[in-house]
Amino acid sequence: MSVSSTPPITAAASPTGDPWLLTPGPLTTSPTVKQAMLHDYGSRDRTFIDINARVRKRLVDIIAGAESHVCVPLQGSGTFVVEAMLGSFVPRDGKLLILVNGAYGHRMAKICTYLRRDHLIQETAEDVPVDFEQLDRTLASDENISHVAAVHCETTSGILNPIENIADIVARHGRSLLIDAMSAFGAIPLSARDVRFDAVVASSNKCLEGSPGMGFCLAERSALEAARGNSPSLCMDLYDQWRSMEINGQWRFTPPTHAILAFDQALNEFEAEGGVEGRGGRYRENCRILVEGMRKLGFKTLLPDELQAPIIITFHMPDDTKFDFNRFYANLSEQGYVIYPGKLTVADSFRVGCIGRLGAEQMHGALAAVARAMAQFD
Ligand SMILES: *Cc1c(COP(=O)(O)O)cnc(C)c1O
């Protein structure tokens with residue numbers, strides 16, 4: 001066997017010998033989720049159609065939205081469904097206010113430029129939550145704003161944006177809210193009964209721990225009905241995707257069958273763990289172990305604990321001039337733990353995720369690996 005194909009030698013190696021992914025995605029999945037993909041179904045297969053319907057229903061149930069919302073799944077990574085949401089819900093003569101405190105907010109602005117949708121941004125620094133008073137003033141002063149877009153957990157820093165307060169302000173001004181909850185969905189509560197929004201998007205592979213390959217939009221039914229004809233793109237038209245699926249239960253174009261089979265199993269495991277409360281609880285514990293352990297090793301978090309979502313944690317680069325991130329990263333990878341570089345403008349940093357099929361054992365394993373990786377700079 002060649003050296004490059006040798007699985008990482010670590011006590012905590014995953015059952016497949018793959019590294020543990022402490023990243024914003026793709027993420028570690030369970031062996032049973034991977035096994036669920038060992039089937040080939042045709043797009044018109046009854047079993048597959050039933051599984052697809054079941055997945056859609058279960059996703060709506062996560063937001064307690066059976067009365068109000070419908071699920072429109074879409075092929076592609078998470079950004080595809082963000083783009084589909086903006087293009088489908090913001091009409092050609094609409095105007096979108098985007099609340100930005102990181103890269104994913106900026107990405108929505110870039111999408112609007114491509115889609116030629118009128119938009120403006122309200123920006124705070126990456127370590128500062130959305131400014132409610134400014135949002136209130138902007139909505140009061142610009143009546144052309146039809147929609148507001150917000151990121152629930154901004155994965156750039158790991159900051160949690162208080163979506164309930166944002167939704168209250170947007171609703172009070174009679175505007176529509178579109179939410180990118182990609183990295184929060186399934187771990188941080190969001191209920192359609194308490195929070196008013198026209199659409200929320202997330203994907204199969206983040207906190208729901210399915211395989212990557214599809215996103216989904218949970219859309220308020222009447223808002224989706226009103227979205228007919230808005231989309232500048234056939235593939236990204238959520239209204240059309242929804243109508244077709246309602247008619248025959250099938251996807252418009254080749255469905256990601258394996259991703260859906262994996263997702264169905266991932267939802268079994270999500271429910272067995274106790275849904276949002278159980279999943280969020282495991283991630284909060286992961287986050288606590290990681291932050292405590294990293295602080296003991298001398299690292300500092302970017303965010304104060306009260307702004308930190310238990311999803312991904314940003315750490316400042318150590319001051320030590322001998323520290324070299326590329327060597328640190330490579331050493332951790334060799335030990336079987338993949339972390340992620342920072343993507344921030346406010347600080348030189350790196351990120352360690354605590355979502356995916358990871359628990360206390362992997363967090364302790366990662367901390368021991370960090371201690372060993374730091375020893376090379378002594
Ligand atoms: C992961 C993520 C996305 C989507 O990213 P993809 O790489 O396209 O899957 C969008 N928004 C947020 C907040 C995310 O964390």
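Remarks
- The set of residues in the stretch 9-30 being over 19 Å from Y283 (Cα atoms) and either modelled with pLDDT of 90 or more or within 16 Å of the ligand (Cβ to nearest atom) (or both) consists of D18 alone.
- Output for the stretch 270-288, where each listed residue is surrounded by fewer than 18 Cβ atoms within 10 Å (Cβ to Cβ) and part of a helix (DSSP H, G or I): E271, A272, G275, E277, G278, G281, R284, E285, R288
- Picking from residues in the stretch 238-268 that are of a type in the set (D, E, K, R) and open to solvent by 20 Å² or more (accessible area, probe 1.4 Å), the one that is nearest to G213 (Cα to Cα) is R252.
- Condition met for C207 (within 23 Å of R279 (Cβ to Cβ) and touching a residue at least 12 places away in the same chain (Cβ under 8 Å)): yes
- Count of residues meeting criterion [within 16 Å of the ligand (Cβ to nearest atom), over 17 Å from M245 (Cβ atoms) and in a loop (DSSP other than H, G, I, E, B)] in the stretch 195-212: 9
- Every residue from the stretch 289-323 that is in contact with a Phe, Trp or Tyr (Cβ under 9 Å, 6 or more places away or on another chain) and open to solvent by 60 Å² or more (accessible area, probe 1.4 Å): K300, H316, D320, K322
- Members of the stretch 53-68 found to be open to solvent by 10 Å² or more (accessible area, probe 1.4 Å) and either closer than 26 Å to H258 by Cβ or within 16 Å of the ligand (Cβ to nearest atom) (or both), listed by number: A53, R54, R56, K57, R58, V60, D61, I62
- Helices (runs of 4 or more DSSP H) lying entirely in the stretch 86-194 (those with 3 or more residues that are assigned by TED's automatic domain parsing to the domain that holds R58, free of Cβ contacts under 8 Å to residues at least 60 places away in the same chain and more than 16 Å from the ligand (Cβ to nearest atom)): 132-141, 163-172
- When the criteria are applied in full, R252 meets the requirement of being without any contact (Cβ under 8 Å) to a residue 60 or more places away in the chain and assigned to a loop (DSSP other than H, G, I, E, B).
- Residues that are of a type in the set (A, V, I, L, M), over 25 Å from G342 (Cβ atoms) and touching a strand residue (DSSP E or B) at 6+ places or on another chain (Cβ under 7 Å), drawn from the stretch 132-174: L135, I145, V148, I166, A167, V170
The values are calculated or read from the model by the stated rules, or taken from the named source; none is laboratory data. Values in this document were obtained by computation on a predicted structure and should not be read as measured data. Positions of Cβ are backbone-derived with ideal geometry, glycine not excepted, and every protein chain shown enters the neighbour counts. Each accessible area value is taken on the protein alone, full model and side chains, heavy atoms only, with ligands, DNA and RNA left out. Shrake-Rupley method; radii C 1.70, N 1.55, O 1.52, S 1.80 Å.
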